[in-house]
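Right, one structure below, let's go through it.
Every number in this text was worked out from the coordinates using simple rules, so none of it is lab data. None of these values were measured; they are calculated from a predicted model. Please note: Cβ atoms are built from the backbone with ideal geometry, for glycine as well, and neighbour counts cover all protein chains shown.
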Amino acid sequence: MAGSFVLNTGASIPPVGLGTWHAAQGLVGGAVCAAVKVGYRHLDCAPSYGNEKEVGMALHRLFQDGVVKREDLFITSKLWYSNNGPQYVPEAIQTTLDDLQLEYLDLYLIHGPIRLKKGSAPISENSLPCDIPATWAAMEKLHDAGRARAIGVSNFSCRKLEALLAVARVPPAVNQVECHPGWRQARLRELCRSAGVHLSAYSPLGSPAAAGAGAPSVLGHPVVASIAGRLQRTRAQVALRWGLQVGQSVLPKSTDEARIRENLGIFGWSIPEALMAEFSGIEQVKLLRAEFGVNPVNGYKTLEDLWDGEI
Ligand code: A2P
């Protein structure tokens, strides 16, 4: 795929990945097939999305029909919060590999700096203290064994990423975080750039369905609308292209074939510098805050603690 980014492992990560969060069962398999057929080579998955088995069936079909080869895809999955302890890591990745019908992942991420009781629902009462260096050491073993060709984290603030970098034998390759024109992550991006950690953007369209009623609309923002109008591109394309131009991979979710295609139409043109500057006028609001992660038992008494003030 045009303009891949290079990870600190030396591997390339395609700049656009299909997001599968909130991709409903019954739709996600078709979306994966449609995406690969129009040229996506990067899929972002997680067991907590409740759809990895269907993604795996779609991948199996694509490989069997010769549409794409495994080695030409970049597939990410994540270690869920209720497996955020070193003893759970080998079994958790095996379940994901079995569900996805794969031998290895291109990237395996700690889903976030939160630990929940085994098999429990994501509510604050289920929190447990979380030992990130211990979980990371188990992730490093997966990397050594080649089951995860790269390892990384998700939802890590600058402070938490710096703390991990200070103890990691294998430095994280990626920090996957919420990022879009309405939450631009300037400080984190600078840290990632200087530390050689690739920033990958989830909710790059502002997650219109997931962010909840009353949340500011990224695609409805007048600055995004105006830039899209002037460049004769769609608002989604402009939001995604902004992400690419600031140096991140973007993971738009869609189960609609026309939108899947539209979201890949961000190559062969660019947003001129003068228009890029206009994005800085968009007020910053973090949409996805993970309130359930707050509990004194894990050291997060407030949302400020969980995100280290980046909220
Ligand atoms: P759908 O799956 O019906 O296309 P994000 O990636 O930021 O989480 O956003 C995903 C949301 O944005 C989904 O609700 C998805 O709906 C919608 N979406 C995806 N692509 C587009 C697009 N090109 N234009 C408008 N909405 C889109």
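Rounded to the nearest 0.05, what FRET efficiency do I123 and V167 have when you use their Cβ-Cβ distance and R0 = 41 Å?
For R0 = 41 Å, the calculated efficiency reads 0.90.
If Lys and Arg each add +1 and Asp and Glu each add -1, what is the summed charge of the other residues whose beta carbon sits under 9 Å from the beta carbon of I311?
Net of charged neighbours comes to -1.
Mind checking which of E71, E257, E52 has the largest fluctuation in a GNM of the chain, springs on alpha carbons under 10 Å?
E71
Pick out which of A23, A35, A121 has the largest mean-square fluctuation in a Gaussian network model of the chain, springs linking Cα atoms closer than 10 Å.
A121
Among the listed pairs K53/K160; K53/K141; K253/K301; K117/K301, which are separated by more than 29 Å between their Cα atoms?
Going by Cα-Cα distance, K53/K160; K253/K301 fall outside the 29 Å limit.
Return the distance in nm (one decimal) between the two label points of a simple spin-label model at A258 and S217, each offset 7 Å from Cα along Cα→Cβ.
1.7 nm
For L128, list long-range residues whose amide hydrogen, built 1.01 Å from N in the peptide plane, is under 5 Å from its own amide hydrogen.
Correct list: R115, L116, K117.
Just want the answer: with Cβ charges of +1 for Lys and Arg and -1 for Asp and Glu, which residue in H22, L164, A274 is farthest toward the dipole's positive end in the chain?
It is A274, whose Cα lies furthest towards the positive end.
Could you work out [θ]222 nm for the chain from helices alone, using -39500 (n - 2.57) per DSSP H run of at least four and dividing by all its residues? Round to the nearest 500 deg cm²/dmol.
Helix contribution divided over all residues of the chain: -10000 deg cm²/dmol.
Taking 0.36 nm per residue of separation and subtracting the Cα-Cα distance, what length does fully extending E71 through E278 add?
Contour length minus the Cα-Cα distance gives 70.6 nm.
Pick out which of H22, H111, H180 has the largest mean-square fluctuation in a Gaussian network model of the chain, springs linking Cα atoms closer than 10 Å.
Comparing H22, H111, H180 in the GNM, the peak value goes to H22.
Set the Förster radius R0 to 30 Å, insert the Cβ-Cβ distance between H22 and R159 as r into 1/(1 + (r/R0)^6), and round the FRET efficiency to 0.05.
0.55
Once phi is turned into θ = phi - 60°, what whole-Hz ³J(HN,Hα) does the Karplus curve with 6.51, -1.76 and 1.60 give for every residue of the stretch 298-310, x standing for Gly and Pro?
Once θ is set to phi - 60°, the couplings for the stretch 298-310 become 9, x, 10, 7, 9, 4, 4, 5, 4, 9, 6, x, 8 Hz.
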